[in-house]
Ligand code: C5P
């Protein structure tokens, strides 16, 4: 009998607003964030196997660094083990990840892979796990894995794992400029602490919800924000010039994605996004490091079996 195969996908996320409070006793920071899932999806394929294995491929040059953990430390293996443990089953799988989301780019690519692995393995093993249980397992794997399950546009609270969908009537076009070199999330949070940037309990600006409900890009542009941007720029001053370039070539706004180093530019629709992208190239940005994506996109889902 040939092994059963299930393919699932999940999207990259960006934070339209990332409000960060003072570090908690457990080392995490309280967040008030608005996530958006982008049309940039990793695919995770799982097949029945006697032991865990992970293979990674990427269609984008430079997306997959050589030091991506492929063994037991890979988040998809941890996801699989957590799902199996939740149901008390002893099962393993051979996993293949096709990466499109940049690794260590501040777009939660590893979390997307974990979320895709959860829905793929749930189907492969015929477990029928409830959404609440999947969300709980996802939260145990990482702060933004629960959002990767649901996708769309959603508020994230707690350490980011408490996810509530918000009204979003728009289709938002983004140009992303990737960096050849990743930035580790814990180091950006550490610099946030060192710079003493926490000013109290974080909250979502009401204007942001209004802009999402209205659907106009110029309205959204005025309400984007990221408390991790200054600490990340402190660690990577070279990104300041990249961020400044977007508005200079017609983008409505510039924003660091999560803890960086990916830089995001909001464009006024699809043609404007491609226009901004080509102007970035004429200003010296490497075309291999730019992409256009739109949001909101769907959460983790099974694509084929
Ligand atoms: O939850 P996750 O494993 O993705 O978080 C990675 C790291 O990012 C944590 O170990 C912590 O240093 C930092 N983090 C944080 N506060 C959050 C989320 C993440 O300090 N709300």
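Label zone of residue 126 (point 7 Å out along Cα→Cβ, amide N under 16 Å): in region 38-54 this covers 48-49. Rounded, prolate or oblate: pick one for region 213-305, where a ≥ b ≥ c are the square roots of the eigenvalues of its C-alpha gyration tensor, a/c under 1.5 means rounded, and failing that, prolate if a/b is larger than b/c, else oblate. Rounded shape, in that the Cα axes give a/c under 1.5.
Please state the shape class of region 147-305: rounded when a/c is under 1.5, otherwise prolate if a/b exceeds b/c and oblate if not, all from the C-alpha gyration tensor. If you can, show how the numbers build up before the last one.
Numbers: a/c = 1.37, a/b = 1.04, b/c = 1.32.
Cα axes put region 147-305 in the rounded bin.
Pairwise Cα distances in region 114-228 exceed 21 Å for 55 percent of all pairs. Placing dummy labels 7 Å off each Cα toward the beta-carbon, the span from residue 278 to residue 181 is 3.2 nm. Against the main long axis of the alpha-carbon atoms of the chain, helix 109-124 sits at an angle near 30°. Of the peptides 138-144, 214-220, 127-133, the order by per-residue mean of other Cβ atoms within 10 Å, starting with the highest, comes out as 138-144, 214-220, 127-133. Here the label points at residue 234 and residue 302, each 7 Å from Cα along the C-beta direction, are separated by 4.7 nm in the simple model. The mean sequence distance of close C-alpha pairs (under 8 Å, at least 6 residues apart), as a share of the length of the chain, puts its relative contact order at 27 percent. Placing a pseudo-label 7 Å from each Cα along the Cα-to-Cβ vector at residue 55 and residue 190 gives an inter-label distance of 3.6 nm. Helix 239-248 axis versus longest C-alpha principal axis of the chain: approximately 60°, rounded to the nearest ten.
When only Cα pairs below 8 angstrom with a gap of at least 6 residues are kept, region 53-212 shows a relative contact order of 19 percent. Classify the chain from the C-alpha gyration tensor, please: rounded if a/c falls under 1.5, else prolate or oblate depending on whether a/b exceeds b/c. In terms of gyration-tensor shape, prolate.
Restricting to Cα pairs below 8 Å that are 6+ residues apart, what does the relative contact order work out to for region 231-288? Please round to a whole percent. Result for region 231-288 is 27 percent. From its DSSP helices (H runs of at least four residues, each -39,500 (n - 2.57)), the chain gives a residue-normalised ellipticity at 222 nm of -9500 deg cm²/dmol.
Since every read-out is calculated from the coordinates, none of them should be taken as a lab result. What you see is a predicted model, and the numbers here were worked out from it, not measured in a lab. As a convention, Cβ positions derive from the backbone with ideal geometry for all residues, glycine included, and neighbour counts pool all protein chains shown.
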